[in-house]
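Here's the structure, in structure tokens; my notes come after.
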Amino acid sequence: MEIREDIVKWTPKMSVGEKNIDNQHKRLINELNRLHSNLHQESSLSQNRELIHFLDKHINEHFVYEENYMKKHDYPKLTEHHKSHHGFIIFFA
């Protein structure tokens, strides 16, 4: 039985108003919560590796998609947002 307390919960306030980005955020949050739950249970190493691989791959793909979307729509804080993405990757690398 899986007992899980989410460390991050999606709320409508998190929405950026773009369906693909919101769906990517929801999926990333769900997988992050699954990894957190697995680490507090006796989950297999292969399950955790699979989740970490998913997060690594999809976080990078998400950042590229999001930044391209922002560039296309002339988002005024793109440079700052890119720096926050870069900092996130460096922190978790």
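The values are calculated or read from the model by the stated rules, or taken from the named source; none is laboratory data. Note that the structure is predicted; figures quoted are calculated from it, not measured. Using ideal geometry, Cβ is built from the backbone for each residue, glycine included, and neighbour counts are taken over all protein chains shown. Remember, those area values only see protein heavy atoms, side chains included, never the ligands or the DNA or RNA. Shrake-Rupley method; radii C 1.70, N 1.55, O 1.52, S 1.80 Å.
Descriptive notes on the structure:
- As a length-normalised measure over Cα pairs under 8 Å and 6 or more apart, the relative contact order of the chain settles at 24 percent.
- Cβ-based net charge around residue 69, under 15 Å, with every Lys or Arg adding one and every Asp or Glu removing one: -2
- Residue-normalised accessible area of segment 29-79, expressed per residue, 1.4 Å probe, Å²: 71 Å²
- Helix 19-39 and the long axis of the chain differ in direction by around 30°, with both axes built from C-alpha atoms.
- For segment 20-61, convex hull volume per residue from C-alpha positions, Å³: 48 Å³
- Kirkwood Rh, angstrom, the chain [1 / mean 1/r, Cα pairs]: 14.6 Å
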